[in-house]
Amino acid sequence: MNDIFCRQRTLLLDGAMGTMLQKSGLRLGERPDLLSITHPEAVEGVNRAYVQAGSDFICANTFGSNAKKLAGCGHTVEEVIHAGVAAARRAAAGTSARVILDVGPIGELLEPAGPLRFEEAYEIYRQVVAAGWHAGADLVKFATMTDLYEVKAAILAAKEHTPLPVLVAMTFEANGRTFTGCTVEALALLAEGLGADGVGINCSLGPAEIYPLAQRLCAATSLPVFIKPNAGLPNPATGAYSVGPEQFCAELERYHALGIAAVGGCCGTTPEYIALLAQAFADKAPVQRAPAQRSAVCTPTRTVELDTVRVIGERINPTGKKRFQQALRDKDMDYLLSQAVEQAGAGADILDVNVGLPDVDEPAMMARAVKAIQSVCELPLQLDSTNARALEAGLRVYNGKPIVNSVNAEQAVLDRLLPLCKKYGAAVVGLTLDENGIPPKAEARFALAEKIVAAAEAAGIPRTDVYIDCLTLTASAQQEAAQETLKAVRMVKERLGVHTVLGVSNISFGLPCREQVNTAFLTLAMAHGLDLPILNPNSGAMMAAVASFKVLYNFDRDSREYIARYAGQTAAVPAVAAQAELSLHDAVLQGLKMQAADAAKAALRTVRPEELVNTVLIPALDAVGGGFEKGTLFLPQLLQSAGAAQAAFDVVKNAIAASGRQGGGKGKIVIATVKGDIHDIGKNIVRTLLENYGYDVIDLGRDVPPETVVQAVREHGARLVGLSALMTTTLCSMEETILALRAAGLPCRVMVGGAVLTPEYAEKIGADYYAKDAKRSVDIAKEVLG
Amino acid sequence: MTGVWEPALPEQPDTAQALRYLGVPDAKDAALRALLQRAERALRDAARPRAVSLRAGRQALAACLQGEDLERHLKGCEDCVLLACTLGAGVDAAQRAANAADMAYAVVLDALASALAEQIADAAQQALRRQARGEGLFLTGRFSPGYGDYPIALQNELLRLVDAPRKIGLCATPTHLLTPRKSITAVLGLAGHPVTGSRAGCAHCALRGNCAYRKEGKTCE
């Protein structure tokens, strides 16, 4: 327990501020924080009432004092926070009560749900915490938070810009999740990892409903835990809260046994509630907690406990993949995202992310990849790089608790990377090698593992967060090494008591039928204590080995997972040609992806890639597009055909990449949903169709500022730009973007589309083309680019 | 008529409405039916409908009420009920994953989610109407920011008044778009005598210029 809280006594927080101010005449819609300026005596009165009731901590009236919520109010953030902290300081004067800078959510959703960028949220909180510190607050409390990403921005801002202790509380629904889906366990992992001084739950629910959530929080963290429940739930008719002071106090007394460090109240509670709590907890020292030492990583919505074998998907890695390398150079995220979604669907628990290439700005790409993957996939990530700047860029924007892959036993590497892992609360993979290479013998690798674990602990990283990789060597080259790896895994697991990780596939390099060797090695390694195999989850045999191992080692109780996965399936048999093969043309028309890919592969044996595109794929797409225009085919079918064509195109692109030639793109098109607009499905449809026709589409995403469009058009030399906007309110951004493109003197044509656009309006804002639907955008592309 | 609640998911999604959004006349196509079923399953998993409402006098709510069309809608009503409801952040996450994987599925999911948001708003409105009837009062239909000449820019103020970010996790962007996306806000008039309200009509509609219904001589309702 740190020095904010106290071993001898359960400390008292205060009760509600907002509902108290409402009682003193705050009008509907008025900003409560401004009362610190307009009615400082009322605010000070509430603060003082809590001090007199026995609060050890009182919250300044600063909950909504941020640049977003105070916009247009006529006062600066600094003024409002200063007034709020000053009122609390006056109320606390002459007592031992400490003043909390109380900080709530910004009030807008962060990316990926909304357009507020993580970095902007960080800046907003930086201003708040700096103001609070200068105003004389004793500590910072972020409360009523619902978005873990916002929590991360907030804690980082407080840690990096003030010396103040930091408490953080989120508000949960009775199902144990916040509105954004964040779990209690994810809060615990992130807050502890980032070095918060206490973690808690407040608001939304009464003490009875929060109790089971507090139990979970206490089990999930070694940090001091505090709670501030509402006075029950408000009556819909009257707005009155349901739990009176005596009942509230009685229910909070139950929490004592959990080892709670501090208690208080949220909406609906008053000094009367706090005075009763003060009596009830006066002689109660917090119960000593001993939460189980657990290893886990997380995203807001998914916590992965390392209590059994967990599969790390290896596919997001450009090594040896020409297609992926090209996608990275083109800053094309689609390929990477499809790999993420596919591996999640195949049953991976964690995804490794490696975006390192000599000619790619790895730090920028790592940050971008982490954000992009987290927007579509809830699996925790393992950030894979040797570049400290790339790792930090990824760690900073990662939402949750990730793994860093990797450090090794070389002192310089440990010194460089462990502080980063500590600062951002990441688990870390340690490779059993050093400047002298990989020791051949298990004993020597074990010694390096010992060194890594000791260095991590010295850096403040608990051994539960260190995963040792004893390194897989290639059996065809160093046959005796396989057994040494297995032996080292067992030694590390049994004698160091840390988790183990291994890249599996390397074992079979140079051998035929590699999957058989991989699967056998994987099975042996799990039996020797491997927890985290890094493998291709699309390999049915390896995933089956993991599922079987969990049954045989009694992890998968009653074989539930195994049955859920394999019931009703027959054992894998070699694939045979099931049906009469469809032609590529028919497969595209019928929207059948696998058949289209197979047909393309078959066709490429005799036809050149470009020829296949021009003589089969494009005519098939034209036929579908014609049907769409005539009204005999509709959008879902158009897109299913597009999906099938895409599958065929992937085969073609792979063939072209494998041949080492440049892709036969027909020209580059930059597309974007304009600044301020987040409705991007129309733009995504357009992208799909344009790619079908062989255009290189640079998709800048949604909420894209004009200057980003200008920069991309210039960089790629694109001759066609597509802009979309759904709302009347964002059409002005479209016009600004077109003006910026013209002002930059770029020789590009601009097509625009979106529900509220008309041909007349398109002309008025200076667009060259109005695309009434996605099909029309293809016609325009043909006209401009051929 | 002030409070937070969890509207139940409907037994059946409004597939007909989703098809209308997709511009598809019927669901005869087997592949389309499969996509609709997949979308329905995803929505059952991902949707966590929440609603919040606030009853107050029109004077107290003046900051978020504006425009001739809304004025006409609220004729004869002294009080208003503000309503905000959302399918929750999980649906947006499911939509992002769909966008990255399969656009045909993504557009179907988007359409069905929009239809579901309407159903939830209808259910929320019915709950409010029952409460009103219990007090011998009458409610108009919903009128949302962006209808007619009711400025969409008041979205943020409406959300602030009902405390939607804190109560149901519903926010607006600086450009007044709702996040999570599948969400609906509205104003309903409340009176002691039967009121019906008045639809916005096409005169001030933003889609007036290229509305498919208008071209066919129909309206969207």
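Does A:Ala174 satisfy the condition of being touching a helix residue (DSSP H, G or I) at 6+ places or on another chain (Cβ under 8 Å), among the hydrophobic types (A, V, I, L, M, F, W, C), at pLDDT below 95 and assigned by TED's automatic domain parsing to the domain that holds A:Pro271?
Details: touching a helix residue (DSSP H, G or I) at 6+ places or on another chain (Cβ under 8 Å): yes; among the hydrophobic types (A, V, I, L, M, F, W, C): yes; at pLDDT below 95: yes; assigned by TED's automatic domain parsing to the domain that holds A:Pro271: yes.
Judged against the criteria, A:Ala174 is a match.
Any idea which of A:Ala214, A:Ala208, A:Ala191 is away from chain B (no Cβ under 14 Å) and either within 17 Å of A:Thr301 (Cα to Cα) or part of a loop (DSSP other than H, G, I, E, B) (or both)?
Details: A:Ala214 fails: either within 17 Å of A:Thr301 (Cα to Cα) or part of a loop (DSSP other than H, G, I, E, B) (or both); A:Ala208 fails: either within 17 Å of A:Thr301 (Cα to Cα) or part of a loop (DSSP other than H, G, I, E, B) (or both).
Just one listed residue meets the conditions, A:Ala191.
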Worksheet item: Within segment A:303-332, can you find the residues that are surrounded by 19 or more Cβ atoms within 10 Å (Cβ to Cβ) and basic (Lys, Arg)?
Response: A:Arg310, A:Arg315
Worksheet item: Can you name every residue in segment A:745-766 that is of a type in the set (Gly, Ala, Ser) and closer than 16 Å to B:Asn210 by Cβ?
Response: A:Gly753, A:Gly754, A:Ala755, A:Ala762
Response to the item:
Going through (1) at pLDDT below 95; (2) closer than 29 Å to A:Val243 by Cα; (3) surrounded by 20 or more Cβ atoms within 10 Å (Cβ to Cβ) one by one, A:Lys23 fails only at (3)
Worksheet item: Here are some conditions: (1) under 15 Å from B:Leu188 (Cα atoms); (2) touching a Pro at 6+ places or on another chain (Cβ under 8 Å). B:Arg130 meets all but one. Which one does it not meet?
Response: (2)
Item to complete: For residues that are polar (S, T, N, Q) and crowded, with 24+ Cβ neighbours inside 10 Å, scanning just segment A:388-417, find the one that is nearest to A:Gly181 (Cα to Cα).
Response: A:Asn399
Discussion item. Can you tell me how many residues within segment A:273-306 are over 30 Å from A:Ser55 (Cα atoms), of a type outside the set (Lys, Arg) and either part of a helix (DSSP H, G or I) or at pLDDT below 95 (or both)?
Written reply: 2
Worksheet item: Hey, among the residues in segment A:124-147 that are under 21 Å from the mean Cα position of the chain (by Cα) and touching a residue at least 40 places away in the same chain (Cβ under 8 Å), which one's surrounded by the most Cβ atoms within 10 Å (Cβ to Cβ)?
Response: A:Asp147
Fill in: Conditions (1) touching a helix residue (DSSP H, G or I) at 6+ places or on another chain (Cβ under 6 Å); (2) without any contact (Cβ under 8 Å) to a residue 12 or more places away in the chain: number failed by A:Gly107
(2)
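Could you check, for segment A:295-302, whether at least one of its residues is more than 20 Å from A:Gly503 (Cα to Cα) and surrounded by fewer than 20 Cβ atoms within 10 Å (Cβ to Cβ)? Spell out the reasoning first.
So in segment A:295-302, the residues more than 20 Å from A:Gly503 (Cα to Cα) come out as A:298-302.
The next check asks that each one be surrounded by fewer than 20 Cβ atoms within 10 Å (Cβ to Cβ); those that pass are A:302.
Within segment A:295-302, one or more residues are more than 20 Å from A:Gly503 (Cα to Cα) and surrounded by fewer than 20 Cβ atoms within 10 Å (Cβ to Cβ).
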Worksheet entry | Subset of segment A:377-387 that is away from chain B (no Cβ under 14 Å) and surrounded by fewer than 19 Cβ atoms within 10 Å (Cβ to Cβ) - its residue that is modelled with the highest pLDDT | A:Asn387
Item to complete: Just need a number here: residues in segment B:98-118 that are within 22 Å of the chain's Cα centre (by Cα), of a type in the set (A, V, I, L, M, F, W, C), within 23 Å of A:Leu109 (Cα to Cα) and within 7 Å of chain A (Cβ to nearest Cβ).
Response: 1
Worksheet item: Do you know which residues across segment B:17-36 are over 12 Å from B:Ala113 (Cα atoms) and either more than 7 Å from every other protein chain (Cβ to nearest Cβ) or among the charged types (D, E, K, R) (or both)?
Response: B:Arg20, B:Pro25, B:Asp26, B:Ala27, B:Lys28, B:Asp29, B:Ala30, B:Arg33, B:Ala34
Worksheet item: Restricting to segment B:37-48, what's the tally of residues that are within 13 Å of chain A (Cβ to nearest Cβ), more than 19 Å from B:Met103 (Cα to Cα) and outside any loop (DSSP other than H, G, I, E, B)?
Response: 1
Worksheet entry | Positions within segment A:1-28 being over 17 Å from A:Gly104 (Cα atoms) and within 14 Å of chain B (Cβ to nearest Cβ), in sequence order | A:Gln22, A:Gly25, A:Leu26, A:Arg27, A:Leu28
Fill in: Residues of segment A:171-186 satisfying the condition of being away from chain B (no Cβ under 12 Å) and assigned to a strand (DSSP E or B)
A:Thr183
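Residue-by-condition table, conditions (1) part of a helix (DSSP H, G or I); (2) touching a His at 6+ places or on another chain (Cβ under 6 Å); (3) more than 13 Å from chain B (Cβ to nearest Cβ):
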residue: A:Leu337; (1), (2), (3): yes, no, no
residue: A:Leu351; (1), (2), (3): no, no, yes
residue: A:Pro358; (1), (2), (3): no, no, yes
residue: A:Ala367; (1), (2), (3): yes, no, yes
residue: A:Ser375; (1), (2), (3): yes, no, no
Worksheet entry | Cβ-Cβ under 7 Å pairs, at least 6 apart or on other chains, segment A:33-52 side in the same structural domain as A:Ala87 (by TED's automatic domain parsing), far side of a type in the set (Ser, Thr, Tyr) | A:Asp33/A:Thr62; A:Asp33/A:Ser65; A:Ala42/A:Ser24; A:Val43/A:Ser36; A:Val51/A:Thr95
Discussion item. Given the criteria surrounded by 21 or more Cβ atoms within 10 Å (Cβ to Cβ) and closer than 27 Å to A:Arg389 by Cα, does A:Leu420 qualify?
Written reply: no
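With closer than 23 Å to A:Ala372 by Cβ and of a type in the set (D, E, K, R) as the only criterion, which of A:Glu173, A:Glu120, A:Glu160 stands out? Give the derivation first.
Details: A:Glu173 fails: closer than 23 Å to A:Ala372 by Cβ; A:Glu160 fails: closer than 23 Å to A:Ala372 by Cβ.
The match here is A:Glu120.
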Worksheet item: Quick check: is even one residue across segment B:39-62 in contact with a Leu (Cβ under 9 Å, 6 or more places away or on another chain) and over 27 Å from B:Gln126 (Cβ atoms)?
Response: no
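Among the listed residues B:Gln131, B:Gln95, which satisfies the condition of being facing chain A (nearest Cβ under 10 Å), assigned to a helix (DSSP H, G or I) and modelled with pLDDT under 95? Don't jump to the end; show me each part of the working.
Working: B:Gln95 fails: modelled with pLDDT under 95.
Exactly one residue qualifies, and that residue is B:Gln131.
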Practice prompt. Pull up segment B:64-92, narrow it to residues that are in a loop (DSSP other than H, G, I, E, B) and out of contact with any Ser or Thr (no Cβ under 8 Å at 6 or more places or on another chain), then point me to the one that is farthest from the other protein chains (Cβ to nearest Cβ).
Written response: B:Gly76
Discussion item. Could you check segment A:35-51 and list, in sequence order, the residues that are surrounded by 22 or more Cβ atoms within 10 Å (Cβ to Cβ) and aliphatic (A, V, I, L, M)?
Written reply: A:Leu35, A:Val43, A:Val46, A:Val51
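Enumerate the helices (runs of 4 or more DSSP H) found wholly within segment B:143-221, keeping only those where 3 or more residues are within 20 Å of B:Ala124 (Cα to Cα) and at the interface with chain A (Cβ under 10 Å from one of its Cβ atoms). If you could, list the steps in order and put the result at the bottom.
Numbers: elements: B:155-162, B:164-168, B:212-215.
So the answer is B:155-162, B:164-168.
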Response to the item:
Of the residues in segment B:30-41, those that are surrounded by 21 or more Cβ atoms within 10 Å (Cβ to Cβ) and small (Gly, Ala, Ser) number 1
Worksheet item: What about B:Ala51, is it within 25 Å of B:Arg160 (Cα to Cα), within 12 Å of chain A (Cβ to nearest Cβ), buried (at least 21 other Cβ atoms within 10 Å of the Cβ) and at pLDDT 95 or above?
Response: yes
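Quick grid of which residues meet (1) more than 13 Å from the chain's Cα centre (by Cα); (2) modelled with pLDDT under 95:
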{"position": "B:Asp149", "(1), (2)": "yes, yes"}
{"position": "B:Arg166", "(1), (2)": "yes, yes"}
{"position": "B:Leu170", "(1), (2)": "no, no"}
{"position": "B:Lys182", "(1), (2)": "no, no"}
{"position": "B:Gly189", "(1), (2)": "yes, no"}
{"position": "B:Gly209", "(1), (2)": "yes, yes"}
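The values are calculated or read from the model by the stated rules, or taken from the named source; none is laboratory data. Nothing here was measured: the structure is a model prediction, and the numbers come from that model. Quick reminder, even Gly has a Cβ in these numbers, built from the backbone with ideal geometry, and neighbours come from all protein chains shown.
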